[in-house]
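Coordinate-derived values only; no laboratory data. This one's a predicted model, so the numbers in the text were calculated from it and none came from an experiment. Heads up, the Cβs are rebuilt from the backbone with ideal geometry, glycines too, and the neighbour counts pull from every protein chain shown.
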Amino acid sequence: MAKHSPHVLEMARKGAKHRYEELKAELASLVKNFPHLARRAGGIAARGASALSKGGRAALEQLRPRKRRRMSAKARAAISAAQKIRWAKYKAGERKK
């Protein structure tokens with residue numbers, strides 16, 4: 001790998017920082033103009049607002065977080081029992097081999 005002068009590296013760092021700020025501003029603008037896209041599972045809100053500028057975070061704060069479905073204790077117990085049965089069958093099959 002070629003060595004670069006400190007001046008070139010500093011200019012590259014400044015350019016990258018400037019581009020990063022431009023992208024954050026663009027992202028904030030998109031969130032403000034298309035808030036429904038931020039709510040999707042693969043959307044901006046799913047990745048967290050930590051990388052957004054103040055405007056982007058403010059736009060996300062206006063969105064209501066999705067309410068999580070709660071599973072009853074009875075449902076958790078049923079899933080647990082079914083999984084234990086699956087594992088028992090799997091482990092029994094391993095012993096035969």
Give the peptides 22-30, 68-76 in descending order of average Cβ contacts within 10 Å, highest first. 22-30, 68-76
Would you tally the net charge around residue 11, using a Cβ to Cβ cut-off of less than 13 Å, leaving residue 11 out, and scoring K and R as +1, D and E as -1? +3
